[in-house]
Amino acid sequence: MKQPLILCKGEIVVAKRSFIIILIAFCILFCTFAPLNQQKVKIIKRFILVVCLLGTASSGFAQRKADFYQMEYPKWFSDAKLGIFIHYGLYSVPAWSAPEQYAEWFYKGLISGDTARINFQKRVYGEQFRYEDYKRLFKAELFNADHWAKLFKQSGAKYVIFTAKHHDGYCMYDSRYAVNWNSVTTAPHRDFCKELADAVRKEELKFGLYYSLLEWNNPWFKWTIDSAGIEKYVSNHLKPQFKEMVSKFKPSIVFADGDWDFGYQTLQSDYLVQYYYDKVGEEGIVNNRWGVGFDYGFLTPEYSSGIRETKRPWAECRGLSRSFGLNRNADLSSYMTSEELIEHFVTLVSQGGGLTLNIAPSADGLIPLLQQERLLDLGKWLAINGEAIYGSSPYIVHNIDTICGFETTDSCLDYNWVRNSPHREITEDNFTMYAQCEMTPKESGICNFVVKADDKAVMTISEMTESGFETIVVKDSAVEGKTCEISAWLRADKTYKIGVRYEEKTHDASLSVNIMNKNSLQPFKADWKIRYEYRKPYVYFTQKGDDLYLFADTKFCSDILEVDLGHPCQKGLKITLLNEPKTAIPYLSENHNLILDISNLKCNAQSGVSKSDIIVLKLQNYLRE
């Protein structure tokens, strides 16, 4: 079936203006060389009418571009819960960055003066080696799309998103807009997108593609380097290449990225997304990364503890370690254990979302064994408990948590956790740090402290008196995403207590406390005593149909589990363990409270069969009216 004509806003405006200019020029010539009479007046009126009709028609075309805003998101995506993300490309050859950096950003490090990446490339590949030369070394000699797809199926995933093009512009398919810069015309001589699309669909999984809207090294416009040329890049490269990719593979998902420096109008994202839906139809879905101001698509929190959103589909994206592309410089502690992966996944699902879990193959095309193990462990757990995951929705009570914490010490407060947290047990978001130290100035005078935090920090200075630390010199000097200077007159014969409270909310986490010393800003060194506090869920809920599912993390539960369900239990309620559906579990109920003896169930969970201490209970027909 022939596709309808779709014009983006810019094309409509250009066509409209050009036609109006032609009409105006014709009117001027007509008035100049033809005598003014009644017939001429009628002709001019008709020209005016044509211009008005053109404006109306243009408005109709302009409205056409926004059709997808009224589309409902496909149910299959919300039901899927788990997808696999794959970052694979030229950056898989060096596969190196600092432990907290994204390895797939290797080229960006080279062009922005990252000495660690520059020196690594020179040491390993030679002084004259350029990033472009990796296309000769990237051969993927052990890549097998069928093996990948079978592994993803075993993991319990329902969709796969493959990186068709990352920010370096190198395409993993035969693109006519990346000649000699794609996997078919360079060393691999393979169309990875086609091979994987065929293999994934053969396993009855949905196939999607990641596509970077901008590129660091495109001759039309070098992102982060050039100050002009974005319009030509969009017209001559972005639009035709995107249409080429969509037409070739008709992906069920398009995960756009590289959008944050420009508005969606500049990137003509409405045009791109409308083109996608006209090709793929209502089965398709896009994410929300199409430029500043774009307000459509599934949400994509990145390396986070998830969001609480139930009206719009979302899936957190993260790698098993701290990078999407393979980072050979990462240590084992940076990888999630199977147990941590399952706990995190359950947290996301209970909050109404899902997980797009990234795997990072090596340059030869193999998925590292540790990553395979994590996927298989997750798949084994889902084989038992998937009934409570797939097709579920969040309950009115997402989860029940408890305050956890631990104490440590440090010589200074100078942290940049990026996508990490101070301790692997702490989620990346929503934790609080309390730090205290004492100081006795060597001489009296004004002390200038400088506090910087990405979210919020509060610094207090208390003076020692006979009855203890009572007098507050400086209190609640709040910092929210900026640097704050705190000055206080401190005496040499007094001891002061310095307190800092840091509240991490979302995204990156950073905090530094410095002091001005002889016109030089230096870290404030002291014997800091630090306590971290965070909220840890230990009971989670999902619902499906008339049934309620209760997930209990037995590491944090006592033998007697008491939970407030929000509604009273009806008589005849049957509770079973998902992996033992024929055995009813005894319980007591008081109003909204459910009381269970889970001592025997804890033994079941800790047997290690499913690599998780989480047990899943099914409350049959609990939600039936």
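The values are calculated or read from the model by the stated rules, or taken from the named source; none is laboratory data. Just so it is clear, the structure is predicted and the values come from calculations on it, not from any experiment. Quick reminder, even Gly has a Cβ in these numbers, built from the backbone with ideal geometry, and neighbours come from all protein chains shown. When the accessible area is computed, the model is the full protein with side chains, heavy atoms only, and any ligands, DNA or RNA have been set aside. Shrake-Rupley method; radii C 1.70, N 1.55, O 1.52, S 1.80 Å.
V273 meets the conditions (1) in contact (Cβ under 8 Å) with a residue 60 or more places away in the chain; (2) among the β-branched types (V, I, T); (3) surrounded by fewer than 19 Cβ atoms within 10 Å (Cβ to Cβ) in every case but one. The failed one is (3).
To keep it simple, each residue is scored yes or no on (1) touching a residue at least 60 places away in the same chain (Cβ under 8 Å); (2) surrounded by fewer than 21 Cβ atoms within 10 Å (Cβ to Cβ); (3) in contact with a Lys or Arg (Cβ under 7 Å, 6 or more places away or on another chain).
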site	(1), (2), (3)
N329	yes, yes, no
L332	no, yes, no
Y335	no, yes, no
E343	yes, no, no
P368	no, yes, no
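In the stretch 99-109, is there at least one residue being surrounded by fewer than 18 Cβ atoms within 10 Å (Cβ to Cβ) and within 23 Å of S321 (Cα to Cα)? Within the stretch 99-109 (the criterion being surrounded by fewer than 18 Cβ atoms within 10 Å (Cβ to Cβ) and within 23 Å of S321 (Cα to Cα)), the answer is yes, since at least one residue qualifies. With respect to (1) in contact with an Asp or Glu (Cβ under 8 Å, 6 or more places away or on another chain); (2) under 19 Å from G386 (Cα atoms); (3) of a type outside the set (S, T, Y); (4) in a helix (DSSP H, G or I), the lone exception for L619 is condition (4). Every condition in (1) open to solvent by 10 Å² or more (accessible area, probe 1.4 Å); (2) more than 27 Å from D67 (Cβ to Cβ); (3) of a type in the set (F, W, Y) is met by Y303 except one, and the failing one is (1). Of the residues examined, K611 is one that is at pLDDT below 90, open to solvent by 80 Å² or more (accessible area, probe 1.4 Å), farther than 30 Å from E438 by Cβ and within 37 Å of the chain's Cα centre (by Cα).
Those helices (runs of 4 or more DSSP H) of the stretch 17-130 in which at least 3 residues are at pLDDT below 95, considering only elements entirely within it, cover 38-64. For V500, are the conditions met, namely being surrounded by 15 or more Cβ atoms within 10 Å (Cβ to Cβ), among the β-branched types (V, I, T) and touching a Ser or Thr at 6+ places or on another chain (Cβ under 9 Å)? Against the criterion (surrounded by 15 or more Cβ atoms within 10 Å (Cβ to Cβ), among the β-branched types (V, I, T) and touching a Ser or Thr at 6+ places or on another chain (Cβ under 9 Å)), V500 qualifies. Looking only at residues that are more than 17 Å from P586 (Cβ to Cβ), more than 25 Å from the chain's Cα centre (by Cα) and acidic (D, E) in the stretch 531-569, which one is surrounded by the most Cβ atoms within 10 Å (Cβ to Cβ)? Going through the qualifying residues, I end up with D553.
Hey, could you check the stretch 306-353 for residues that are among the small types (G, A, S) and within 26 Å of G386 (Cα to Cα) and say which is farthest from the chain's Cα centre (by Cα)? Looking at residues that are among the small types (G, A, S) and within 26 Å of G386 (Cα to Cα), I get S338. Residues in the stretch 390-410 that are aromatic (F, W, Y) and assigned to a strand (DSSP E or B) were compared, and the one that is most open to solvent (accessible area, probe 1.4 Å) is F406.
Could you run through the stretch 275-326 and say how many residues are among the hydrophobic types (A, V, I, L, M, F, W, C) and in contact with a His (Cβ under 9 Å, 6 or more places away or on another chain)? Number of matching residues: 2.
All conditions in (1) under 22 Å from the mean Cα position of the chain (by Cα); (2) within 20 Å of H167 (Cα to Cα) hold for L205, with the sole exception of (2). Of all the residues in the stretch 256-270, those that are part of a helix (DSSP H, G or I) and over 23 Å from E302 (Cβ atoms) number 1.
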